[in-house]
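Trainee: Mind looking over this structure? Questions follow.
The values are calculated or read from the model by the stated rules, or taken from the named source; none is laboratory data. Since the structure is predicted, the reported quantities are computational estimates derived from the model, not experimental observations. Please note: Cβ atoms are built from the backbone with ideal geometry, for glycine as well, and neighbour counts cover all protein chains shown. With ligands, DNA and RNA removed, areas are computed over all heavy atoms of the protein, side chains included. Shrake-Rupley method; radii C 1.70, N 1.55, O 1.52, S 1.80 Å.
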Amino acid sequence: MEKLVIKGGKPLVGEITAGGSKNSVVGILAATLMTSGECVLNNIPNIEDVCILLDIFRDIGLKPTFRKNKLIIDTEKIATTDVTTEAATKMRASYYLLGALLGRFGHASLPCPGGCDIGLRPIDQHIKGFEALGAKVLVEGGRISVSADRLIGCDIVFDCVSVGATINVMMAAALARGVTQLVNVAKEPHVVDAANFLNYMGAKIKGAGTDIMRIEGVESLKTGEYTVIPDQIEVGTYMIAAASTGGCVRIKNVIPKHMETLCAKLEEMGAGVEYGDDNILVTCQGRPQSASVKTAVYPGFPTDLQQPLSAMMCIAEGRSTITETIYENRFKHLDELQKMGAVISVKNNKAYIEGVETLYGTKVNATDLRAGASLVIAGLSARGTTEIYNIEHIDRGYEAIEKKLRRLGADIVRERAD
Ligand code: EPZ
């Protein structure tokens, strides 16, 4: 086990480059299984979720190579569509293997997905989509299996907007016979990226990024080389860290449009934001101002950034609020922030944060991926030393977080945690 040790109080200054989008890569990696041949993927982040997926790929007979953020995989010889890798239960997105393998082989089975403990996170919409396309779905003994002689396109209206269900059903429909219309779909950048990758491989998907997608099934997909978009949430995390420490940081490899909602909120809190073509400069002088945030599906304020932003709100002037509308239980990090001196109360899905002059370093636990990010941000601005435990959560979604922060002048090291 390891911990991050941060000596806070130093403004972040300098430049860093964001990596590829975790939430794109996990879908696109699964989508490579839909074709037979060599795919080359660039801008792949070296994070735990990618490593777990590659372990699963090896367990089903593939030999991916992954060096310097470039991944090469030949998916011709898949030995089995029954995934038994226990690690699949450690992440959420292993469920994308269902849509991909069902589309190509008409069958898939894997352990029920895991992922951050931030709510119930059912997969009823995934199941609804697969069954509508003609698949049989069985969930028993901690495993989920899907099978179909032939997937037949149809109209599907999702009961709620789901990133995972949108990508999963989109993949299955891409190789179904006939046309599928998906209504009430997710529009996040990573959904569009996954659709773009599939179209690049010969799929016929229209409307990604809007409320309705039209998918004309094709017989098979080609192979090719593709570069994944920058990680909207990693970029946002470093933007908040820069503003929270009163720093001046340019983040490169950014699609500014994806950051608009966060930029507006940071400016509201007193930060300066300057857009370049593929980079964003964030500055902040003095103490941030308080603000209110209500999470929503894209292009609303991303639920994945409310936790990092809560750390900045803890030291803002005045009362801030966070209303979490996507998940039922995404406030566990607030207990840890209170150990550092934050003044927070929670009523139902709304958190009330009374800003204090400063937080104080102490020992805290990362309870999930973005909770860990919020504790890193809190430690960077806190007085004294913060020790963050259970950082395996953080490593699932941030490549070399301590190295990137040290490049910006942070006093942060990774140590063994006894
Ligand atoms: C994706 O999770 C992301 N993960 C999450 O990021 C992100 O928070 C979430 O989308 C929302 O943007 C990946 O892409 C790997 P959903 P996903 O299906 O697909 C309910 C991070 O920090 N729902 O859009 O699991 C669900 O319970 C992670 O990077 C159903 O009710 O999210 C939730 O309340 C955390 N039935 C809401 O919809 C379903 O079948 C949104 O879930 C599916 C979802």
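Trainee: If you check V218, V235, V228, V185, which single one turns out to be under 20 Å from G103 (Cα atoms) and within 16 Å of the ligand (Cβ to nearest atom)?
Mentor: On inspection, the qualifying residue turns out to be V185.
Trainee: Filter the stretch 169-208 for residues that are among the β-branched types (V, I, T) and open to solvent by 10 Å² or more (accessible area, probe 1.4 Å) and give the result.
Mentor: Once the filter is applied, which keeps residues that are among the β-branched types (V, I, T) and open to solvent by 10 Å² or more (accessible area, probe 1.4 Å), the stretch 169-208 yields V179, V183, V192, I205.
Trainee: Filter the strands (runs of 3 or more DSSP E) completely within the stretch 323-402 down to those with at least 1 residues that are open to solvent by 50 Å² or more (accessible area, probe 1.4 Å) and hydroxyl-bearing (S, T, Y).
Mentor: Strands (runs of 3 or more DSSP E) meeting the threshold: 343-347, 350-354, 385-389.
Trainee: Taking the stretch 286-322 on its own, how many of its residues are buried (at least 24 other Cβ atoms within 10 Å of the Cβ) and among the basic types (K, R)?
Mentor: 0
Trainee: If D278 satisfies every condition in (1) open to solvent by less than 30 Å² (accessible area, probe 1.4 Å); (2) within 23 Å of K22 (Cβ to Cβ) but one, which is the exception?
Mentor: The failed condition is (1).
Trainee: Only one of these conditions is not met by F158: (1) out of contact with any strand residue (DSSP E or B) (no Cβ under 6 Å at 6 or more places or on another chain); (2) more than 21 Å from K204 (Cα to Cα). Which number is it?
Mentor: Just one mismatch for F158, condition (2).
Trainee: Another question, then. Mind listing whichever residues of the stretch 209-221 are touching a strand residue (DSSP E or B) at 6+ places or on another chain (Cβ under 8 Å), open to solvent by 20 Å² or more (accessible area, probe 1.4 Å) and within 20 Å of P299 (Cβ to Cβ)?
Mentor: D211, I212
Trainee: Condition first: on the phi > 0 side of the Ramachandran plot and within 16 Å of the ligand (Cβ to nearest atom). Now tell me which residues in the stretch 303-362 satisfy that.
Mentor: N348
Trainee: If we keep just the residues of the stretch 129-160 that are out of contact with any Asp or Glu (no Cβ under 9 Å at 6 or more places or on another chain), aliphatic (A, V, I, L, M) and open to solvent by 20 Å² or more (accessible area, probe 1.4 Å), which is farthest from the ligand (Cβ to nearest atom)?
Mentor: Once the filter is applied, the top-ranked residue is I152.
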